[in-house]
Amino acid sequence: MDYTKASLIFKIQKISRYIKMYGPQRTWVKIHSQLHLKHENEFAGIRWINPKVAENKGKIAIIGCGNFSYSVIAYYINKYAKFSIKYAYDINKARSLSLAKKYAVYCATSRLEDILEDPAIKLVYIASNHSTHAEYAIKAIEKGKSVHIEKPHAVSIEQLNRLILAAKKHPEVKLFVGFNRPKSILFQKLKQELHKQTGPMMMNWFIAGHRIEDDHWYFSAEEGGRVLGNLCHWSDLCLHLINNKNAFPCVIQPAHHTDSKSDFAVTITFADQSVAVLTFSAKGHTFEGVREYLNVHKGDLLATLNDFYHLQMDCVNKKYKKKLTFRDHGHEKNILNSYMNTFSENGRGDDILYIYQTALLILKIKEAIDTGKRVICEDGWITTT
Ligand SMILES: NC(=O)c1ccc[n+]([C@@H]2O[C@H](COP(=O)([O-])OP(=O)(O)OC[C@H]3O[C@@H](n4cnc5c(N)ncnc54)[C@H](O)[C@@H]3O)[C@@H](O)[C@H]2O)c1
């Protein structure tokens, strides 16, 4: 939905609801981001150099300067380490220029090689369209740069394999994936309590997503649709709760109406006998953004997590209830985690086996939904170097 075209009353209601859910600062940047997407002023020529920023300070580049880069990636990096973004790159020059001006970026460029050939750049955040994530990541890895790839990190098994092989060839490079929810406070608390229990778990995710128009780029054949673009968050969370080392091989069973691109359900039976049901529905406007409800049962623990905002856990006679002041999807921690681990001496990237398995799982879920058939997902780990 284009909020800039909504009525004044609607805008006021939306803003006041978002202030309650996210606080004034994040609401402010989300509003600005809607305006950022409308910018049309481009720079002339190949690049624009910011006269207010010194060249020698930046060590980060951002590829893809849309809503997420503006309202999350650049926002948190700038808050934590001003002047550390050196390049903003996008095929839309108005977007890279707008982001560069807002966040004191040294250069808005239309030439990818500016980033790849600059030895000062140590970390590249990639938040462009889905089919280009792995391609940009491979190029950056080959130049010895650490990479944070927004979800999904690959749109095909062939692309995933090339990404993993590039990472294996360059062990000096740290690779991070853009799954933020595992770092949210309530999810971490839930995971810690679940790990104290034994045996398999039953979990049920119900997600109500934004309705997006049929001509949105997510639906272009090469981009992977809403399964790769959205459902990957919750299949990834399943692996965090179960532990990816216990998960494979798993069996995926789909339920999906062929007329709908955005409504589907899958069950996954994991190797440790845990079962997950993931239901994704995107029918109308979700005024409070994506809604996410988890019910989970393991051993003596019965828990409910709503919107990364409320957590309730019952364990025999003990009850735990927590409501946060603001929703926490783990965005800040995840963006800064890539930054801190890149620039600290003992910093580590995400585990490469996990990076592989979480992508493989969602690609196999997509195969099951697309074919309407049961799919077995072996761990399939590639051993070639
Ligand atoms: N982790 C999360 O919670 C989360 C949330 C939202 C979006 N995302 C991810 O962030 C990425 C961007 O999403 P968004 O919502 O900002 O979308 P968007 O459409 O607002 O931005 C995408 C940007 O990429 C640019 N682009 C398109 N093709 C390109 C190319 N070949 N090279 C360089 N730039 C290109 C577009 O011009 C646009 O500015 C997606 O991968 C999305 O899945 C992650």
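List of remarks:
- Whole-Hz ³J(HN,Hα) from phi, Karplus 6.51 cos²θ - 1.76 cosθ + 1.60, for the stretch 286-297, glycine and proline x: 9, 4, 9, x, 4, 10, 9, 10, 10, 10, 9, 9
- Highest-MSF residue in the chain out of SER84, SER16, SER156 [GNM, Cα springs under 10 Å]: SER16
- Top of ALA282, ALA88, ALA54 by mean-square fluctuation, Gaussian network on the chain, Cα under 10 Å: ALA54
- For the stretch 3-179, the pair-distance distribution built from all alpha carbon pairs, in bins 10 Å wide starting at 0, is 10, 36, 33, 17, 4, 0 percent.
- Equivalent ellipsoid semi-axes - Cα gyration tensor, the chain, angstrom: 33, 25, 21
- Near GLU193: Cβ cut-off under 11 Å, other residues only, Lys/Arg at +1 and Asp/Glu at -1. The net charge is +3.
- Part-to-part distance (alpha-carbon centres) for the stretch 117-186 and the stretch 193-270, which is given in Å: 21 Å
- Helix-derived mean residue ellipticity, 222 nm - over the chain, DSSP H n ≥ 4, -39500 (n - 2.57), to 500: -10500 deg cm²/dmol
Only the coordinates and a few stated rules stand behind these numbers; no lab work does. If you're wondering where the values come from, they're calculated on a predicted model, not measured in any experiment. Note that each Cβ is placed from the backbone with ideal geometry, even for glycine, and that neighbours are counted across all protein chains shown.
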